[in-house]
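Single-structure report; data block below.
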Amino acid sequence: NAWKYQARSYRHWFWDSGVIIANLIATASSFGLNTKLITGYIDKFVNELLCLEENKEASIVLAPIGIGLSEQEPSKIQHPSRFVPDIVPISHGKEVEYDQIWKLHDASSLNSTDEVRQWVRSIKSMQEVKGIKDDSVKLFSKHIEPIPSNSQPLSEVILLRGSTRKFSREPITFEQLSNILYSIAGPTPSDFGEKKSLIDVYFIANDVTNIQKGAYFFNRKDNSIDLLKANIRRDVSGYLCLEQSLFSDASAVFYIMSNI
């Protein structure tokens with residue numbers, strides 16, 4: 001999608017891949033298969049193994065599935081010779097190149113085993129769960145109350161998750177909100193640790209039973225929600241989502257943040 005966003009499209013590599021990975025993990029989990037995300041590796045070796053074209057394609061994450069199920073010992077892979085298979089051209093005209101994309105990607109690539117190890121060690125310091133430092137901004141706090149639920153078959157979940165362009169404006173229960181929060185910030189098996197998510201979750205409660213309307217922060221450190229601003233008008237959540245009325249109709253709207 002660089003035709004629209006130009007060099008900024010580099011961010012979409014990770015946004016779009018994140019959606020694909022989330023569905024991959026959910027699908028593998030539904031079949032009882034262990035999955036682990038590998039985000040730190042020697043980029044050049046993997047790209048060459050996959051025969052990717054330099055400065056046109058690149059790998060950004062690996063996801064082994066069914067870890068430990070193979071009865072055979074893993075065989076050593078020889079470093080492949082450079083080979084690019086015949087492919088149908090993406091476009092007949094000259095492609096527009098954005099050098100900034102590759103400068104940014106190359107600067108963040110890992111080039112040796114030592115660099116991978118150093119990166120893994122450094123990333124662990126980011127996993128410290130922190131709450132809001134200034135307690136004066138909290139109007140009140142409340143612990144979430146998730147309730148156990150039985151997993152459903154994948155096919156049923158897919159049907160239940162169908163997109164909608166209209167919400168009923170009916171309230172959701174605090175227990176339902178608690179289950180969402182409990183799941184949304186859970187651990188993701190990865191090469192840099194098994195702790196909880198690195199994201200920060202804020203949300204606006206437009207219509208949730210047993211809590212006041214307003215803007216909240218989800219404190220993952222003690223599984224509680226902190227009210228930051230009460231009695232927010234319903235149209236505010238829509239305004240923050242590019243003024244789309246769909247997000248004013250929703251019972252709750254989540255705003256996912258990350259400290260970069």
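No value in this document is a laboratory result; all are computed from the given coordinates. These numbers come from a predicted model, not from an experiment. Neighbour counts run over all protein chains shown; Cβ positions are idealised from the backbone, glycine included.
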Item to check | Amide N proximity, region 31-49 versus GLU156 label position 7 Å along Cα-to-Cβ, cut-off under 15 Å | outcome: 31
Checklist entry - Where nothing but the Cβ of Lys and Arg (+1) and of Asp and Glu (-1) is charged, how large is the charge dipole of the chain around its Cα centre, in debye to the nearest 20? => result 720 debye
Next on the checklist: If I model a spin label as a point 7 Å beyond the Cα along the Cα-Cβ vector, how far apart are those points for SER183 and GLN100 in nm?
Outcome noted: 3.8 nm
Item to check | Spacing of the two label points (7 Å from each Cα toward its C-beta) at TYR5 and ILE67, in nm | outcome: 2.9 nm
Next on the checklist: Students often get this wrong: which residues of region 31-50 have the backbone nitrogen under 14 Å from the point 7 angstrom along Cα-to-C-beta of SER109?
Outcome noted: 41-50
Checklist entry - Relative to the present Cα-Cα distance, how much length would full extension add between PHE31 and ILE60 at 0.36 nm per residue of separation? => result 8.0 nm
Checklist entry - Longest exposed-loop-site-free stretch of the chain, with GluC sites (Glu not before Pro), DSSP loop and at most 13 other Cβ within 10 Å? => result 129-193
Checklist outcome for this item: Given unit charges at Cβ for Lys, Arg (+) and Asp, Glu (-), the dipole magnitude of region 135-257 about its Cα centre in debye, nearest 20, is 240 debye
Item to check | Relative contact order (%) - the chain, alpha-carbon pairs under 8 angstrom, separation at least six | outcome: 18 percent
Next on the checklist: Between ILE38 and ARG165, what is 0.36 nm times their sequence separation minus the Cα-Cα distance? Round to one decimal in nm.
Outcome noted: 42.2 nm
Item to check | Count of lysine pairs in region 2-127 with Cα separation under 15 Å (8 or more residues apart, or interchain) | outcome: 4
Item to check | Karplus-derived 3J(HN,Hα), 6.51/-1.76/1.60, for each residue of region 179-186, Hz, glycine and proline x | outcome: 4, 5, 5, 5, 7, 5, 10, x
Checklist entry - DSSP loop chymotrypsin sites (Phe, Trp or Tyr not before Pro) in region 10-66 with at most 12 other Cβ atoms within 10 Å of their Cβ, which ones? => result PHE31
Checklist outcome for this item: For ASN34, other-chain or 5+-apart residues with amide H closer than 5 Å (H placed, Pro excluded) are GLY66, ILE67
Checklist entry - Out of these labelled values of volume of the Cα convex hull per residue in Å³, [x] 197; [y] 139; [z] 114, which was calculated from the coordinates shown here? => result [x]
Checklist outcome for this item: The ³J(HN,Hα) series, computed from each phi in region 95-111 with the Karplus coefficients 6.51, -1.76 and 1.60 at θ = phi - 60°, rounded to the nearest Hz and given as x for glycine or proline, is 6, 7, 9, 10, 4, 4, 4, 6, 5, 5, 5, 5, 5, 9, 6, 9, 10
